[in-house]
Amino acid sequence: MKIQRFSKIGFIMAAAGSAVGLGNIWKFPYMTGEYGGGAFVLVYLITIAFIGFSVMVAEMLIGALGRADTVTSFERLAPPGKKWWKYAGFMGFNGVIIMTFYSVVIGWILYYLFTIVTSGLPETTEEAKRAFNTLVGDQIAAQIFFHTVSVIIVGYIVYRGIKAGIERINLILMPALMVILFGLLLYAMTLDGFREALAFMFEPKWEKLNSEALIRAVGHSFFTLSLGMGAILTYAASLPKDASITQTAFIVTFMDTLIALVAGLVIFSFLFQFGAEPGQGPGLVFISLPTILHNFGTLGVIFALLFFLALAFAGVTSAISLVEPVVQYLIDRFHFTRGKAVLLISFIYWLVGIGALLSYTNSWGKVMSVGGKPLFDILEYTTDSILLPLGGFLISVFVGYLLPKSQLFAQIGREMGERAYRVWYFSVRYIAPLALLFMMLNLMGVIEL
Ligand code: TRP
């Protein structure tokens, strides 16, 4: 079992590449819009600081100490007699489930890049709506085609491995993404809409914060940091020897949060500039934004291309972290070659992904639904609301209660200093598991807030 090591900067970029994804640039802005802005953002920031960061440190620690795939890492670190903890490592399979719909959305983004180049931006909201609804509702072949392209791109990068694939692509795409987004921000700052965007995102209107918004903010802070699924764990198994877990977790958390906020500011500045509504749901980026950008003429087309390019980069670097854990597992435990592992996993989520995209179409929607719910939504709900919080719960319980205290202190205490370490330890033992358990039960409808 030979594990390659990232370079220090390579690890930071890879972990940040995992964290910064569709969640930051597509989902965070539309959720902020739907849940009324400021108060939602504040809850999101607080959970990131007090729960997200602590769990990220815990998850990195398991990988850095275990130095193997998710299952083997849990098995190695579990105390004698408790080796059944290795089953917690199966959280890696959540990545495959997430990939079924994540890849479909990357496909939509690629399709948008393609159509913006070939036929420009929609002129009216109706036209934009029609374009998006036709893509999702009727264009089966186009969706399958671009979903397949996404599967091939992601598969190829993972096939090249930790250094030549994952590290290398992140070292290119992450800086590129940041240059694009910060460039767009600079332009957005010159617009009148920018002040409105600032106010919308940072002035908390508490009356808009209902219990649903609260729970969704906690859940999203988890999704956006790539926690609870073994992605960060698997990358941390390749952590360079002298890297500080605390420091890298901090940088990654910071970058992820910053990019979500910047993406939000850019999108809302453009939208408010022409008086568009923020609460448009998932179509915000695919319907409202292109229509608004049309008002900027040629410049708008360039902005749209840059924006969707950044979105594609963010999506791909996250996608590889969803696939790598299971691939690593198959290599370590079943002696698969990397190529075979990638082929098998890619084929599975490619196939189920087709089912997911069909579930939104007019012709197949009924067939691909269970109890009136499209397969796409079922897959998303299961991972987002049940499996990821469950994974996060297991990670914090494992680190908080099963790893020897001396081992924790030797690593994390030395890095953080005693006082911060105590706060972290408290969060991992009490706050994080309780919050996650509560959230999971609430989302499953077992308890009400
Ligand atoms: N964090 C990514 C996003 O914001 C998605 C993602 C990648 C993810 N890897 C993950 C989510 C692992 C949960 C677990 O889009």
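Say whether the condition of being within 16 Å of the ligand (Cβ to nearest atom), at pLDDT 95 or above and more than 30 Å from A410 (Cβ to Cβ) is met by at least one residue in region 77-93. Show your work before the answer.
So in region 77-93, the residues within 16 Å of the ligand (Cβ to nearest atom) come out as 88-93.
Next, from what is left, pick out any that are at pLDDT 95 or above: 88-93.
With more than 30 Å from A410 (Cβ to Cβ) added as a condition, the list becomes 93.
Yes, because at least one residue in region 77-93 is within 16 Å of the ligand (Cβ to nearest atom), at pLDDT 95 or above and more than 30 Å from A410 (Cβ to Cβ).
Quick check on my filter: what residues within region 310-350 are touching a residue at least 40 places away in the same chain (Cβ under 8 Å), over 17 Å from M91 (Cα atoms) and surrounded by fewer than 18 Cβ atoms within 10 Å (Cβ to Cβ)?
Of all residues in region 310-350, those touching a residue at least 40 places away in the same chain (Cβ under 8 Å) come to 310-329, 331-333, 338-339, 342-343, 345-346, 348-350.
Next cut, over 17 Å from M91 (Cα atoms) only: 310-317, 338-339, 342-343, 346, 350.
Answer for region 310-350, where residues must be touching a residue at least 40 places away in the same chain (Cβ under 8 Å), over 17 Å from M91 (Cα atoms) and surrounded by fewer than 18 Cβ atoms within 10 Å (Cβ to Cβ): R338, G339, L343.
Do you know which residues across region 344-375 are in contact with a strand residue (DSSP E or B) (Cβ under 7 Å, 6 or more places away or on another chain) and either farther than 20 Å from Q139 by Cα or assigned to a helix (DSSP H, G or I) (or both)?
In the first step, residues of region 344-375 are kept if they are in contact with a strand residue (DSSP E or B) (Cβ under 7 Å, 6 or more places away or on another chain); the result is 359-360, 365, 368, 375.
Within region 344-375, just L375 meets the criteria.
What is the number of the single condition among (1) open to solvent by 10 Å² or more (accessible area, probe 1.4 Å); (2) of a type in the set (A, V, I, L, M, F, W, C); (3) more than 14 Å from the chain's Cα centre (by Cα) that L61 does not meet?
Checking L61 against (1) open to solvent by 10 Å² or more (accessible area, probe 1.4 Å); (2) of a type in the set (A, V, I, L, M, F, W, C); (3) more than 14 Å from the chain's Cα centre (by Cα), the one that fails is (1).
Spot the failing condition for R130; the list is (1) of a type outside the set (S, T, Y); (2) over 30 Å from T257 (Cα atoms); (3) crowded, with 17+ Cβ neighbours inside 10 Å, and only one is missed.
(3)
When you look at T47, is it out of contact with any strand residue (DSSP E or B) (no Cβ under 6 Å at 6 or more places or on another chain), of a type in the set (S, T, Y), assigned to a helix (DSSP H, G or I) and open to solvent by 10 Å² or more (accessible area, probe 1.4 Å), yes or no? Walk me through how you get there before you give the answer.
Values: out of contact with any strand residue (DSSP E or B) (no Cβ under 6 Å at 6 or more places or on another chain): yes; of a type in the set (S, T, Y): yes; assigned to a helix (DSSP H, G or I): yes; open to solvent by 10 Å² or more (accessible area, probe 1.4 Å): yes.
Criteria met by T47.
Determine which member of the set I412, I378, I431, I395 is part of a helix (DSSP H, G or I) and in contact with a strand residue (DSSP E or B) (Cβ under 7 Å, 6 or more places away or on another chain). Please lay out each step first, then the result.
On the way: I412 fails: in contact with a strand residue (DSSP E or B) (Cβ under 7 Å, 6 or more places away or on another chain); I431 fails: in contact with a strand residue (DSSP E or B) (Cβ under 7 Å, 6 or more places away or on another chain); I395 fails: in contact with a strand residue (DSSP E or B) (Cβ under 7 Å, 6 or more places away or on another chain).
Step by step, each of I412, I378, I431, I395 is checked, and only I378 is part of a helix (DSSP H, G or I) and in contact with a strand residue (DSSP E or B) (Cβ under 7 Å, 6 or more places away or on another chain).
Quick one: S238 ticks every box in (1) within 15 Å of the ligand (Cβ to nearest atom); (2) surrounded by 20 or more Cβ atoms within 10 Å (Cβ to Cβ) except a single one, so which number is it?
(1)
The values are calculated or read from the model by the stated rules, or taken from the named source; none is laboratory data. Quick caveat: nothing in here was measured; it's all calculated off a predicted structure. All Cβ positions, glycine included, derive from the backbone under ideal geometry; neighbour counts span all protein chains shown. We work out accessible area using only protein heavy atoms, side chains counted, and drop any ligands, DNA or RNA first. Shrake-Rupley method; radii C 1.70, N 1.55, O 1.52, S 1.80 Å.
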